[in-house]
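Below is one structure, written out as structure tokens; comments come after it.
The values are calculated or read from the model by the stated rules, or taken from the named source; none is laboratory data. Since the structure is predicted, the reported quantities are computational estimates derived from the model, not experimental observations. Cβ sites come from the backbone with ideal geometry, for glycine too, and all protein chains shown count toward neighbours.
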Ligand code: PEP
Ligand code: MN
């Protein structure tokens with residue numbers, strides 16, 4: 001950690017910083033310039049919960065960490081990619097296979113989810129998505145079928161064998177959803193629901209952690225760190241677009257660069273959701289392909305038998321046929337780029 005003092009900080013102020021650093025278990029190296037002094041702290045930064053402990057001292061201008069604050073999720077702690085087994089034979093991470101999760105935004109009906117599950121499987125998707133509890137901004141809109149939705153997902157799994165990913169919105173539903181799902185989805189709006197992350201850290205099932213719509217990559221990785229801190233190491237990251245100033249033509253700004261950044265910083269698998277990332281069916285294909293080219297471990301794509309009449313997110317959902325065509329292209333592209341990513345192992349910079 002580096003403590004940058006205010007210009008002309010007094011000897012007393014500098015000594016107080018050195019004393020605090022020693023109390024915290026650090027050795028110090030003092031670099032005295034003509035105007036400004038910089039104190040370098042040598043030791044394990046992770047023992048300092050907050051830089052405030054130094055920043056609050058008078059005469060301190062700024063404190064900078066040298067190490068990343070997410071330790072368990074970092075490539076420094078674990079160099080090799082984490083590979084997560086979602087169900088027997090269904091794995092994500094490690095760069096071997098591309099894993100696609102597909103399904104409707106919301107589970108709407110028995111017929112709809114069964115048709116969708118069959119189409120997803122036929123096209124090569126390995127996980128069925130579908131929300132039973134939907135986060136909706138406006139009240140009086142369709143918020144999912146709840147328990148019935150979970151029952152229908154179970155039915156679709158029983159018929160197709162596809163493992164399930166579904167969103168948890170309220171920790172009180174944990175047991176109910178646990179019984180149905182293979183992966184717990186934490187939606188963008190709950191990425192900073194810290195009490196929920198704490199609880200999900202204590203369970204033995206993979207967590208799909210979507211990036212909050214205003215979250216920095218570091219905040220997102222710290223949310224993953226929180227889950228891992230409580231014991232659950234099976235975290236899959238999902239980039240789904242962030243809010244920016246231009247919302248005229250796309251719903252969100254899909255941050256494809258998050259893929260190589262996360263690959264460099266973390267060993268956790270990362271997938272991309274081009275459906276929420278763009279909000280428009282017309283752009284899903286390009287962004288899905290771009291994500292694979294960037295090195296994503298998988299994708300989450302919304303598909304629907306009749307998007308025009310979907311109860312949520314119809315404008316960004318693919319019909320079955322274009323989805324199957326896209327899956328073919330994704331497979332070809334993944335085969336093409338796989339050796340390129342293998343030859344360019346992420347630089348350890350974290
Ligand atoms: C979803 O996957 O349907 C969803 C609501 O996603 P997000 O949390 O990314 O908005
Ligand atoms: Mn959706």
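Restricted to strands (runs of 3 or more DSSP E) entirely inside the range 19-124, those with at least 2 residues that are within 30 Å of residue 151 (Cβ to Cβ) and within 16 Å of ligand 1 (Cβ to nearest atom) are 99-103.
Considering (1) surrounded by fewer than 21 Cβ atoms within 10 Å (Cβ to Cβ); (2) under 30 Å from residue 141 (Cα atoms), the lone condition that residue 317 does not fulfil carries the number (1). Looking across the range 1-38, the residues that are under 35 Å from the mean Cα position of the chain (by Cα) and free of Cβ contacts under 8 Å to residues at least 60 places away in the same chain come down to 21, 24, 25, 26. Counting just the residues of the range 103-121 that are without any contact (Cβ under 8 Å) to a residue 60 or more places away in the chain and touching a helix residue (DSSP H, G or I) at 6+ places or on another chain (Cβ under 6 Å), which one comes out surrounded by the most Cβ atoms within 10 Å (Cβ to Cβ)? That would be 107.
All of 289, 326 fail the test of being modelled with pLDDT of 95 or more, over 27 Å from residue 109 (Cβ atoms) and either under 24 Å from the mean Cα position of the chain (by Cα) or assigned to a helix (DSSP H, G or I) (or both), apart from 289. Scanning the range 241-248 for any residue that is closer than 17 Å to residue 300 by Cα, in a loop (DSSP other than H, G, I, E, B) and either touching a helix residue (DSSP H, G or I) at 6+ places or on another chain (Cβ under 8 Å) or more than 16 Å from ligand 1 (Cβ to nearest atom) (or both) turns up at least one such residue. Of all residues in the range 267-283, those satisfying the criterion of being within 16 Å of ligand 2 (Cβ to nearest atom) and assigned to a helix (DSSP H, G or I) are 274, 275, 276, 277, 278, 281, 283.
What about residue 198, is it away from ligand 1 (no atom under 12 Å from the Cβ), in a loop (DSSP other than H, G, I, E, B), farther than 23 Å from residue 120 by Cα and touching a helix residue (DSSP H, G or I) at 6+ places or on another chain (Cβ under 9 Å)? So residue 198 does not fit the description; no.
When we screen 163, 135 for residues that are within 15 Å of ligand 1 (Cβ to nearest atom), closer than 30 Å to residue 266 by Cα and touching a residue at least 12 places away in the same chain (Cβ under 8 Å), the only hit is 135.
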